[in-house]
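Presented below is the structure to which this report refers.
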Amino acid sequence: ILPADAPESIAACAAVVRAGGLIGLPTETVYGLGADADNASAVARIFVAKGRPADHPLIVHVSAQDGGMAAVAHYAAQVPSFAQQLMAAFWPGPLTLILPRRSGVGAVAAGGHNSIGLRCPAHPAAQALLRALHDAPAGQTPVWGIAAPSANRFGRVSPTTAAHVQSELGDELTILDGGPCDLGIESTIIDCTRGAPVLLRPGSIS
């Protein structure tokens, strides 16, 4: 468990993600079990660790740089105007948008679906990590997003502290400790692939 307020902790977690490993990371909703969303083998390890069916899509968390638009453009084939309005109003924050997925990008994270769920978390530690991954050192490819479902085994209660994550998934997992989650419930999910916004999962955004 690494303290999120230490720059070396952010660097250590970024190194794990770049190497194809898994990390526990804080968000304002719940703690996530994260991996590079474009690394198919790393994302597959999330499903194994959670015992989650591989056709259940994962939410991809993106940096707030450029309002999240650079990362959204990497993953989404198109962004309807109402989705852009929702992003402008609620990102960073507890809102996940389901958008048409670009071919060849994030397929495993999307559970093989033609759409992908994107969220820009508000937690400062999550954003620090996402920025560190996006701002790649010379010669390295940027990590555009972290696929991160809740850091618990499938069907169990979502964790809201680093200690909860460790007790659920074991001592070997590197966990970024950002303190207790502010909200404690999962993000609101809105499907933006049907021509009009459709609420799929209610959350703290009504």
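Accessible area per residue (1.4 Å probe, heavy atoms of protein chains only) ranks T161, T188 as T161, T188, with the largest value leading.
Once the 1.4 Å probe is applied to the protein heavy atoms, the chain comes out at 43 Å² accessible per residue. Only protein atoms count toward the accessible area here, which uses a 1.4 Å probe; on the range 20-73, the carbon and sulfur part of that area reaches 60 percent. Ordered by solvent-accessible area of protein heavy atoms (1.4 Å probe), largest first, the residues S103, S41 come out as S103, S41. Relative contact order for the chain: 32 percent, from Cα pairs under 8 Å spaced at least 6 residues apart, divided by residue count. From the Cα gyration tensor of the range 2-85, with a ≥ b ≥ c the square roots of its eigenvalues, which class applies: rounded if a/c is under 1.5, or else prolate if a/b is larger than b/c, or else oblate? Verdict is oblate for the range 2-85. Please say if the chain is rounded, prolate or oblate, where rounded means a/c under 1.5 for a ≥ b ≥ c the square roots of the C-alpha gyration tensor eigenvalues, and otherwise the choice is prolate for a/b larger than b/c and oblate otherwise? Rounded is the answer for the chain, as its axis ratio a/c remains below 1.5.
The DSSP beta bridges internal to the chain are antiparallel in roughly 60% of cases.
Each residue of the range 124-131 is assigned a 3J(HN,Hα), and the resulting list reads x, 5, 4, 5, 4, 5, 5, 5 Hz, derived from the Karplus form 6.51 cos²θ - 1.76 cosθ + 1.60 (θ = phi - 60°), x at Gly and Pro.
For a quick check, take a GNM of the chain with Cα springs below 10 Å and name the residue from G112, G32, G155 with the largest mean-square fluctuation. Result for the chain, Cα springs under 10 Å: G155 fluctuates most.
So how tilted is helix 7-18 from the main axis of the chain? Cα-based, degrees 0 to 90, rounded to 10. The angle comes out near 70 degrees. Heavy-atom accessible surface of H113, to the nearest 10 Å², is about 80 Å², with a 1.4 Å probe and all protein chains retained. The smallest convex shape that holds all Cα atoms of the range 98-205, its convex hull, gives 143 Å³ per residue. Remark: accessible surface ordering of H56, H123 (largest first) is H56, H123, probe radius 1.4 Å. Heavy-atom surface analysis with a 1.4 Å probe gives the range 76-206 a carbon and sulfur content of 51 percent of its accessible area.
The values are calculated or read from the model by the stated rules, or taken from the named source; none is laboratory data. For clarity, every value in this text was computed on a predicted model and none was experimentally measured. Calculation scope for accessible area: heavy atoms of the full protein, side chains included, ligands and nucleic acids excluded. Shrake-Rupley method; radii C 1.70, N 1.55, O 1.52, S 1.80 Å.
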